[in-house]
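Read the structure below first, then the notes.
The values are calculated or read from the model by the stated rules, or taken from the named source; none is laboratory data. These figures come from a predicted structure and were not determined experimentally. Heads up, the Cβs are rebuilt from the backbone with ideal geometry, glycines too, and the neighbour counts pull from every protein chain shown.
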Amino acid sequence: MFSTSEKNIQGVFTSTMYYAIKQSIGPLIGTIFISSFVGLLWIFFLCNFIKPFMWFTFLSVPVISFVIFLWMLFNGIFGIDNTLIAANQSKLLSIIPLIITGGHCLFIHRYHALINHCIDIIKVSCIILRQSLDIFGVSLFCLSIQILFSSFWLILFDRLFLLGSSTTIEGKANWAQDANLIYLVPFYLFYYWWTTCIIDGVERSSIAGTVSHWYFHQEETQFINGFNATHISFRRALTTSFGSICFGGLIASVVRFIQFLRQLNDQIPQSVNFLTTILRWVMWPIVLVSDLVEK
C-alpha cells in the first residue's frame, strides 16, 4: 500500500485497471447500502405481514398477466389506429399472458397446501427472530466486518495494478504491468474468498446454535449464566468451533478458486497449443468434484 503511488500514471494512463476499479468504488458502496436497506425492509414486511404479503406475491403474477391479456385483446379489437395485421397480431399475442395466468392459477390450486406449509415455516423463522433479536445484531456485526474488510481489501487490490512501469510503443505511452502480478492477483482473490467464508461461517454457526436452542429447549430459560443463547453460540463460533469454520472456509475457497480457474480455462480457445489441451484434461476431474461440492 505504501510502496505504490498513483503519481506514476496520474493524468497519463487514465484507462488502466487501477482507475477502472477506483471509479467503481463509489457505486459499489452505494449498491451495498441500498441492498442492505431493501433487506431490512423485506425482513420488516415478513415479520409483520407474512401471510398477506406472501399471498399478494403469489396472486400478483396471474392478476397482472390477466390485465395484460385484457389490454392486448381490447387493443386488438377496439384499437383506433390499428391496421388489420396489427390487430390480428395483438389478439394472437394476447394468448401468451392468458396461458401464463392459467398456469399460475393451476399451480396455486394444485400446491395450495404446500404454499401454506412454506408460509408456516417462514412464520416460525420470524417468531425465532422476534424472540432472539440478538441474531439480528450478530448479522449486522458480521455484515459490518465484511464491508470494512472488503473496503480495505479493495484498496489493496486496486493498488496492485500500480505495480509496473511506463513504456513507449510506437511513440505512444503505455503502462506495462509487473510480471509478478499474475501470482499476486490469485493470492489476493484466494485470501478474500477464505476470509469471507470464515465470516459467513461464524454467522451461520451462531444462527444455527440459536435456532437449535430455541427448537429443542424452547421451554427453558433463554439465559444461561447471564448470557443468552445467541451470545453463547456466537462465543462458541469464535472459540471452540472457529477451527472447523476456518477449515470449512478453506475447502469452500479452494472450490471457488478451482471454479475461477475453470472460467479462465473456458475462455482459452480449445486448439491453441498442446499445453492448453493438457490443462483441460487436468481440470476435468477437478471440475466434477467442484460441481458435486456445490450440489
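Identify the single condition in (1) at pLDDT 70 or above; (2) under 24 Å from the mean Cα position of the chain (by Cα) that L73 does not satisfy, given that it satisfies every other one.
(2)
Does the range 121-138 contain any residue that is in contact with an Asp or Glu (Cβ under 9 Å, 6 or more places away or on another chain), modelled with pLDDT of 85 or more and assigned to a helix (DSSP H, G or I)? Lay out the reasoning, then the answer.
Applying the first criterion (in contact with an Asp or Glu (Cβ under 9 Å, 6 or more places away or on another chain)) to the range 121-138 yields 138.
Still in the list and also modelled with pLDDT of 85 or more: 138.
Then keep just the ones that are assigned to a helix (DSSP H, G or I); that gives 138.
Scanning the range 121-138 turns up at least one residue that is in contact with an Asp or Glu (Cβ under 9 Å, 6 or more places away or on another chain), modelled with pLDDT of 85 or more and assigned to a helix (DSSP H, G or I).
Among the residues of the range 119-135, which ones are hydrophobic (A, V, I, L, M, F, W, C) and without any contact (Cβ under 8 Å) to a residue 12 or more places away in the chain? Don't jump to the end; show me each part of the working.
Restricting attention to the range 119-135, the residues satisfying the condition of being hydrophobic (A, V, I, L, M, F, W, C) are 119, 121-122, 124, 126-129, 133, 135.
Those that are hydrophobic (A, V, I, L, M, F, W, C) and without any contact (Cβ under 8 Å) to a residue 12 or more places away in the chain: I121, V124, I127, L133.
Cβ-Cβ below 8 Å, separation at least six or inter-chain, first residue in the range 222-234 and closer than 26 Å to I198 by Cβ, second at pLDDT 75 or above and among the aromatic types (F, W, Y): which pairs?
Close Cβ pairs satisfying both conditions: A229/W214.
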